[in-house]
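The values are calculated or read from the model by the stated rules, or taken from the named source; none is laboratory data. All values derive from a computational prediction rather than experimental measurement. Using ideal geometry, Cβ is built from the backbone for each residue, glycine included, and neighbour counts are taken over all protein chains shown.
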Amino acid sequence: MFKTLAICILTITFAAALQISVYAAEFHMVDGNSVDMVVHVQESGQYHIEFDYLPLSAFLNPEFSVQVNGVLQHTESRRVIAPINWEYPSGEFLLNRQGHEQLPQPSGLREWTTSRIYHANFLATQPLVFELQAGENVITFSHIAGEMLLNTELRMTVPVAAISYSEYRLLHSSHKPGRMGEQFRSSGTSSPNMQITVQA
């Protein structure tokens, strides 16, 4: 009880000092702690996990692991990053000795950000997909590094399937293909292996 009260006081003080909005249900992720959040879905299936966070670290991105119903579903969910967004000061850049503009020192934004669970090195363009059962599921975020406030009201979103190439062609059927092949043939390329065919 004392720990929970201390976290609430810290959150309110921090929010008042920076004049930020405060969620009704938030958790201070720090010092290896973890939080269980219950979510309900109507149907069993694959979902993206969407969350809101406020980074508190000066420069270190907050990191945590994600478990669903006590199971680590992906190797990649052992380490998830909630990136800090940065901004450069506005105005004119300072000049160095040679008269070139210098890149100013960026500052981390202290604002609520929405994200999904991605590969820690962002090697994939799509978020990770988690298997949830119909009804109640427990999602656990466990702190690894950095510091952040987490809105404990998670959102589950259904992945959007990529369309096939034939569907893509139908969507863009009014677009006339370019004559790139003719441009290459008329440019006098010296490569005997380069041959481009254009079909209209």
**Asked** Which of the following residues is out of contact with any helix residue (DSSP H, G or I) (no Cβ under 6 Å at 6 or more places or on another chain), among the basic types (Lys, Arg) and at pLDDT 95 or above: 97, 116?
**Response** 116
**Message:** Quick check on residue 113: is it β-branched (Val, Ile, Thr), out of contact with any Ser or Thr (no Cβ under 7 Å at 6 or more places or on another chain) and within 26 Å of residue 28 (Cα to Cα)?
**Reply:** yes
**Asked** Of the residues that make up the stretch 69-78, is at least one farther than 22 Å from residue 46 by Cβ, without any contact (Cβ under 8 Å) to a residue 40 or more places away in the chain and surrounded by fewer than 13 Cβ atoms within 10 Å (Cβ to Cβ)?
**Response** no
**Asked** Among the residues of the stretch 99-107, is any loosely packed, with under 14 Cβ neighbours inside 10 Å and in contact (Cβ under 8 Å) with a residue 40 or more places away in the chain?
**Response** no
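Scan the stretch 114-127 and tell me whether some residue there is surrounded by 14 or more Cβ atoms within 10 Å (Cβ to Cβ), more than 14 Å from the chain's Cα centre (by Cα) and under 30 Å from residue 38 (Cβ atoms). Working first, answer last.
Residues of the stretch 114-127 surrounded by 14 or more Cβ atoms within 10 Å (Cβ to Cβ): 115-120, 127.
Add one more test, that the residue is more than 14 Å from the chain's Cα centre (by Cα), and what stays is none.
Looking through the stretch 114-127, none of the residues is surrounded by 14 or more Cβ atoms within 10 Å (Cβ to Cβ), more than 14 Å from the chain's Cα centre (by Cα) and under 30 Å from residue 38 (Cβ atoms).
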**Complete:** Per the list (1) over 16 Å from the mean Cα position of the chain (by Cα); (2) farther than 13 Å from residue 130 by Cα, residue check on residue 79 breaks on (1)
**Asked** With 119, 100, 143 as the choices, which residue is farther than 21 Å from residue 29 by Cα and not polar (S, T, N, Q)?
**Response** 100
**Complete:** Going through (1) touching a residue at least 12 places away in the same chain (Cβ under 8 Å); (2) small (Gly, Ala, Ser); (3) surrounded by fewer than 12 Cβ atoms within 10 Å (Cβ to Cβ) one by one, residue 146 fails only at (3)
**Message:** Against the condition surrounded by 13 or more Cβ atoms within 10 Å (Cβ to Cβ) and closer than 24 Å to residue 161 by Cβ, how does residue 49 come out, does it pass?
**Reply:** yes
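Would you confirm whether any residue within the stretch 86-109 is assigned to a loop (DSSP other than H, G, I, E, B) and either under 20 Å from residue 46 (Cα atoms) or in contact with a Cys (Cβ under 6 Å, 6 or more places away or on another chain) (or both)?
Scanning the stretch 86-109 turns up no residue that is assigned to a loop (DSSP other than H, G, I, E, B) and either under 20 Å from residue 46 (Cα atoms) or in contact with a Cys (Cβ under 6 Å, 6 or more places away or on another chain) (or both).
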